[in-house]
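Engineer: One structure is given below, represented as structure tokens, and several questions about it will come after.
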Amino acid sequence: MKTEPRALARPPGPQLGFLRGFRTFRRDALGFLLHTARTYGDVAWFRVGPFDIYLLSHPDHVRDVLVAGHHAVTKSRVLQEARRILGDGLLTSEGNTHKRNRRLLQPVFHHQRIVEYGEVMAVYAARASERWRDGQELDLHEELMALTLAIVGKTLFGTDVEEADAQRVAGSLRTMFDMYDRFFMPFAEHLERLPLPANRRFWQAKASLDEVIFGLIRDRRADGDRGDLLSMLLAARDDGGGQETNGGMSDRQIRDEATTIFLAGHETTSIALTWTFYLLSQSREVEERLHRELDEVLDDRIPRPSDLPRLEFTRRVFSESLRLYPPAWTMGRSVAADLPLGGYVIPAGATALLSQYVIHHDPRWYPDPWRFDPDRWEPAAVAARPKYSFFPFGAGPRMCIGEDFAWMEGMLVLATIAREWQFGLLPGQVIDLQPRITLRPKYGMRMRLERR
Ligand code: HEM
């Protein structure tokens with residue numbers, strides 16, 4: 001018997017008033033999404049302001065939307081708004097611009113290049129940890145942000161980003177993302193023209209960020225080809241027409257790609273590492289197993305990319321951290337053409353929301369889902385789970401282009417630091433999540449260092 005899709009029926013979901021939707025999201029987006037998925041099932045519908053949102057919480061839906069259905073969707077409005085910060089870089093562009101730029105950038109992320117970058121990652125991590133002192137108290141989140149920023153500066157832009165510049169870039173990006181909340185508001189594009197102090201801070205931060213990045217572009221034009229990302233972008237030629245100058249990319253386009261990689265390439269990885277060290281501080285047993293592996297494999301030297309295949313437990317620790325605290329905690333897509341899914345039809349114009357945070361904490365795939373248990377990553381356990389029950393890097397043609405880079409960096413920095421240091425949370429440090437574009441620790445991560 002043929003079963004008709006419930007095309008006209010809306011999936012179940014919470015009823016939020018026009019304004020309550022915004023407030024709920026602002027106050028506790030994670031709790032709300034988890035509750036909605038657990039209460040209403042794998043396809044749930046709700047409304048935030050004027051937006052129809054379909055929360056999809058089965059791993060197969062990740063495939064249906066991001067892989068099989070990618071032609072029917074575009075980046076969500078929230079991410080499109082990120083254009084104000086990132087311009088038309090890889091993360092925010094669409095269609096042919098995206099396709100062309102992805103092709104252009106692909107060689108930068110080749111395996112052999114990532115291995116070369118790996119040497120730099122471990123050296124930089126060792127250098128950062130040499131500055132630390134036994135018993136020192138520090139904000140590990142800040143430290144790791146500075147470290148991953150220096151690494152992305154060196155590996156991709158072939159230059160030592162000065163400490164002051166690194167702080168400036170990080171500060172500017174933070175200011176801008178702190179204001180990102182406004183972009184959930186209708187008419188945000190009109191609000192941003194008003195002479196409000198918050199708007200002034202936003203534009204000042206943007207100008208400061210651009211100054212650093214345009215400065216790097218200037219330096220590279222003067223230096224000539226060094227085989228790094230900027231050199232490649234400067235040399236890139238395309239038949240595509242459009243905004244290119246003399247067949248090449250304009251400084252503006254290069255700025256957009258560089259800013260995107262600068263941001264995507266350090267914020268996410270530093271957050272993943274921060275949560276990893278937090279989890280280790282809460283589980284001495286896991287930490288001991290990690291130390292045993294590092295001592296055995298590394299024998300008191302800093303790790304190299306060629307060590308990674310033997311750092312199996314290190315990989316499991318990092319995977320489990322990405323599961324529990326996925327730096328990209330949710331992904332939205334605007335549906336461009338009706339999309340049949342899970343017995344319903346998601347209408348054109350609606351938003352499909354896939355949340356790593358929700359799916360990664362689903363007890364169907366991860367029993368006792370809040371427990372930090374790296375053994376979930378034994379090959380047999382992984383094979384028993386649906387493919388997209390773990391998707392910290394997204395899926396399909398818009399999947400993270402920096403995934404290999406992130407694994408290399410995450411594991412090498414983790415191994416380099418953990419072989420020498422243990423961290424303990426400072427008394428009074430409150431742990432809370434701040435779900436913005438990434439899943440930050442809301443109050444930083446104040447830790448006390450202990451040399452092993
Ligand atoms: C733990 C670290 C990281 C996580 C969790 C992460 C996560 C993601 C996710 C989920 C997406 C897909 C977004 C979407 O489809 O809406 C993405 C895209 C992207 N990521 Fe990452 N990322 C990480 C590290 C990196 C690094 C190290 C780089 C560069 C050095 C990078 C560069 C990018 C870029 C350029 C895109 C856009 C790709 C495209 O649309 O073609 N990411 N990332």
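The values are calculated or read from the model by the stated rules, or taken from the named source; none is laboratory data. Source: prediction; values computed, not measured. Backbone-built Cβ (ideal geometry, glycine too); neighbour counts: all protein chains shown.
Engineer: Can you name the helices (runs of 4 or more DSSP H) wholly within the range 354-452 that have at least 1 residues being free of Cβ contacts under 8 Å to residues at least 12 places away in the same chain, β-branched (Val, Ile, Thr) and farther than 23 Å from Glu142 by Cα?
Structural biologist: In the range 354-452, 379-383 are the helices (runs of 4 or more DSSP H) which contain 1 or more residues that are free of Cβ contacts under 8 Å to residues at least 12 places away in the same chain, β-branched (Val, Ile, Thr) and farther than 23 Å from Glu142 by Cα.
Engineer: Of (1) farther than 16 Å from Leu273 by Cβ; (2) more than 16 Å from the ligand (Cβ to nearest atom), Thr416 satisfies all except one. Which?
Structural biologist: (1)
Engineer: Can you name the helices (runs of 4 or more DSSP H) wholly within the range 247-315 that have at least 2 residues being of a type in the set (Gly, Ala, Ser) and within 16 Å of the ligand (Cβ to nearest atom)? Break it down into steps so the answer makes sense when it comes.
Structural biologist: Values: elements: 251-264, 267-282, 284-298.
Qualifying helices (runs of 4 or more DSSP H): 251-264, 267-282.
Engineer: Taking only the range 23-63 into account, find how many residues are over 19 Å from Ile437 (Cα atoms), at pLDDT below 95 and among the acidic types (Asp, Glu).
Structural biologist: Looking only at that region, the number is 1.
Engineer: Within the range 358-366, identify whether any single residue is within 16 Å of the ligand (Cβ to nearest atom), among the hydrophobic types (A, V, I, L, M, F, W, C) and closer than 19 Å to His70 by Cα, and answer yes or no.
Structural biologist: no
Engineer: One residue is enough: does the range 377-392 have a residue meeting the conditions near the ligand (Cβ under 7 Å from one of its atoms) and either within 18 Å of His361 (Cα to Cα) or out of contact with any helix residue (DSSP H, G or I) (no Cβ under 8 Å at 6 or more places or on another chain) (or both)?
Structural biologist: yes
Engineer: For the range 125-137, enumerate the residues that are of a type outside the set (D, E, K, R) and not in a helix (DSSP H, G or I). If you could, list the steps in order and put the result at the bottom.
Structural biologist: Pass one, the range 125-137, residues of a type outside the set (D, E, K, R): 125-126, 128-129, 132, 135-136.
Correct list: Trp132, Gly135, Gln136.
The rows are residues; the columns are (1) at pLDDT below 75; (2) assigned to a helix (DSSP H, G or I).
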position	(1), (2)
Glu143	no, yes
Ala150	no, yes
Thr159	yes, no
Ala164	yes, yes
Val169	yes, yes
Ser172	no, yes
Thr175	no, yes
Arg182	yes, yes
